[in-house]
Amino acid sequence: MSRQVAKQTGASLLEVMIALVVFGIGMIGTAALMATSIRDNNSAYLRTQAVFLANNMAERIRANLDGADEGEYDAIALGSSGGTAADCDWDAPCDFDALAANDEFEWKRMINQSLPNGQGSVTAQNTDPEVFLITVQWIEAATDDGNTAGTQTVVLATHP
């Protein structure tokens, strides 16, 4: 008895090609997921920095209650610069208005260093007790498709 064995020709090659196509599609999806993850991670980092900077100004206001009571923090305009660097030390401490001007200068310098096109403002609300609205803005980087995400804003309401 003789048996004839049927030979498959080319089936293994076809299976390998299909497996490579499926693997390639999976890798493209993984790369797109990775790019989105990196962009979103950067956005979360910038938002964290903005919250930190808003809290930083709130603590500066709380540390200078005389300046807050006298209105030195009532109208810090939205912008990337402002205030005056003060030369304060233990031997010659600043008065409350010089300290408030230095706080504005240092705060806006930190915003410029931490956020792309960052700006900050502080406005006082006429309430009892007085409430300060601390705003930090920045422009989010362009996305992969060339669109800008636009201006992002963090607003913190606090009272000293």
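The values are calculated or read from the model by the stated rules, or taken from the named source; none is laboratory data. As the structure is a prediction and not an experimental result, all values here were calculated from the model. Backbone-built Cβ (ideal geometry, glycine too); neighbour counts: all protein chains shown.
Just to verify a result, which residue in segment 1-29, among those that are at pLDDT below 70 and among the aliphatic types (A, V, I, L, M), is surrounded by the fewest Cβ atoms within 10 Å (Cβ to Cβ)?
Within segment 1-29, the subset at pLDDT below 70 is 1-11.
Filter again for among the aliphatic types (A, V, I, L, M), leaving 1, 5-6, 11.
On the way: MET1: 2, VAL5: 4, ALA6: 4, ALA11: 9.
Taking the candidates together, the pick is MET1.
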Task: Single condition SER37 does not satisfy, out of (1) without any contact (Cβ under 8 Å) to a residue 12 or more places away in the chain; (2) under 26 Å from GLY150 (Cα atoms); (3) assigned to a loop (DSSP other than H, G, I, E, B); (4) of a type in the set (Gly, Ala, Ser) - done: (3)
TODO: Those residues that are within 17 Å of GLU140 (Cβ to Cβ), out of contact with any Leu (no Cβ under 8 Å at 6 or more places or on another chain) and among the small types (Gly, Ala, Ser), I need them from segment 38-83; list them, please.
DONE: SER43, ALA44, SER80
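Give me the residue from segment 119-136 that is touching a residue at least 60 places away in the same chain (Cβ under 8 Å) and closer than 16 Å to ALA54 by Cα and, out of that set, surrounded by the fewest Cβ atoms within 10 Å (Cβ to Cβ). Explain how you work it out, then say what you get.
To start, the set of residues in segment 119-136 that are touching a residue at least 60 places away in the same chain (Cβ under 8 Å) comprises 120, 122, 130, 132, 134-136.
Cutting the leftovers down to closer than 16 Å to ALA54 by Cα gives us 120, 122, 132, 134-136.
Numbers: GLY120: 28, VAL122: 26, PHE132: 21, ILE134: 24, THR135: 18, VAL136: 28.
Residue satisfying both the conditions and the ranking: THR135.
Search segment 102-117 for residues being surrounded by 19 or more Cβ atoms within 10 Å (Cβ to Cβ) and without any contact (Cβ under 8 Å) to a residue 60 or more places away in the chain, and hand back the single one that is farthest from LEU156 (Cα to Cα).
Narrowing segment 102-117 to residues surrounded by 19 or more Cβ atoms within 10 Å (Cβ to Cβ): 102-104, 107-108, 111, 115.
Adding the requirement that they be without any contact (Cβ under 8 Å) to a residue 60 or more places away in the chain leaves 102-104, 107-108, 111.
Details: ASN102: 21, ASP103: 17, GLU104: 16, TRP107: 15, LYS108: 16, ILE111: 15 Å.
Checking each candidate, the answer is ASN102.
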